[in-house]
1. So which residues in the range 16-39 are farther than 19 Å from residue 116 by Cβ and not in a loop (DSSP other than H, G, I, E, B)?
2. Does residue 103 meet the test of being more than 17 Å from the chain's Cα centre (by Cα) and assigned to a helix (DSSP H, G or I)?
3. On the given criteria, is residue 114 within 19 Å of residue 28 (Cβ to Cβ), touching a residue at least 40 places away in the same chain (Cβ under 8 Å) and under 12 Å from the mean Cα position of the chain (by Cα)?
4. Within the range 1-55, track down each residue that is more than 26 Å from residue 124 (Cα to Cα), modelled with pLDDT of 90 or more and either among the acidic types (Asp, Glu) or in contact with a helix residue (DSSP H, G or I) (Cβ under 8 Å, 6 or more places away or on another chain) (or both).
5. Any residue at all in the range 56-73 that is touching a Ser or Thr at 6+ places or on another chain (Cβ under 6 Å) and either charged (D, E, K, R) or modelled with pLDDT under 85 (or both)?
6. Would you be able to say whether some residue in the range 89-97 is within 19 Å of residue 129 (Cα to Cα), modelled with pLDDT under 85 and crowded, with 16+ Cβ neighbours inside 10 Å?
7. Of everything in the range 22-56, what is surrounded by 11 or more Cβ atoms within 10 Å (Cβ to Cβ) and of a type in the set (Asp, Glu)? Give them in sequence order.
8. Run down 75, 66, 57 and say which single residue is under 20 Å from residue 100 (Cα atoms) and not aromatic (Phe, Trp, Tyr).
Amino acid sequence: MKGGTIESYIAQICQYRNWKVGKDSGGYTIVDVLLQDGGAHRVTVMRRLDSCGGISVLFFSEIGPVDQTMDPAEVLKDNGFMNHGAFAIWGNRFVVMDTQLEEAADIEEVAATIFHLANYADRLHKKKAAKAGPKDIGVMLGGPKPDGKPM
C-alpha cells in the first residue's frame, strides 16, 4: 500500500465526501454512500486472507433477495458495462461486488470502487423494485456499438 491502510483510506474518503462510516455487527466496515438523488446506499468492506497469504479486500453492496424479477441473461450482459465490480449471488442475496489486494490498493481506486458499487446497486435495486429489466446500469466506454460495428 502506498502510504496508508484500507481503513485509513476509507476514513479519509468518507470525511472528504461526507459519507457515514462505521462497523456492522460482524465487525466489517460499512460505508453509507450519498447518491446524487439524495438517497444513500451501503457498501460493506471485508478483509480476507487469500490462498497465497495476501489480504484480499472484498467490497459489496446488496441489491436485495434473489427472486424471479431479474432476468439472469440481462444481468450478465450488464456486467460488461460496469467500470467496477460485477453482479453476483451471495447466499440468497443479489449483490454487486469487487475485490482488491490490500497491498496494491490506492485511495483513488478504493474511492471509485465504493462509489460505483453503491450507484450500480442502487440503480438496479430501483429497477428491480419497479419490475423493470436491468438496462442502462452503466455506460460502456469503447467496444462495439449496439449495431455491432466498432466505434
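1. 22, 23
2. Values: more than 17 Å from the chain's Cα centre (by Cα): yes; assigned to a helix (DSSP H, G or I): yes.
So residue 103 passes the test.
3. For residue 114, the condition - within 19 Å of residue 28 (Cβ to Cβ), touching a residue at least 40 places away in the same chain (Cβ under 8 Å) and under 12 Å from the mean Cα position of the chain (by Cα) - is met.
4. Hits for the range 1-55 are 6, 7, 9, 12.
5. Of all residues in the range 56-73, those touching a Ser or Thr at 6+ places or on another chain (Cβ under 6 Å) come to 56, 58-60.
Those left that are additionally either charged (D, E, K, R) or modelled with pLDDT under 85 (or both): none.
Within the range 56-73, not a single residue is touching a Ser or Thr at 6+ places or on another chain (Cβ under 6 Å) and either charged (D, E, K, R) or modelled with pLDDT under 85 (or both).
6. Among the residues of the range 89-97, not one is within 19 Å of residue 129 (Cα to Cα), modelled with pLDDT under 85 and crowded, with 16+ Cβ neighbours inside 10 Å, which makes the answer no.
7. Residues satisfying the conditions are 24, 32, 50.
8. Only one candidate qualifies: 57.
The values are calculated or read from the model by the stated rules, or taken from the named source; none is laboratory data. For clarity, every value in this text was computed on a predicted model and none was experimentally measured. As a convention, Cβ positions derive from the backbone with ideal geometry for all residues, glycine included, and neighbour counts pool all protein chains shown.
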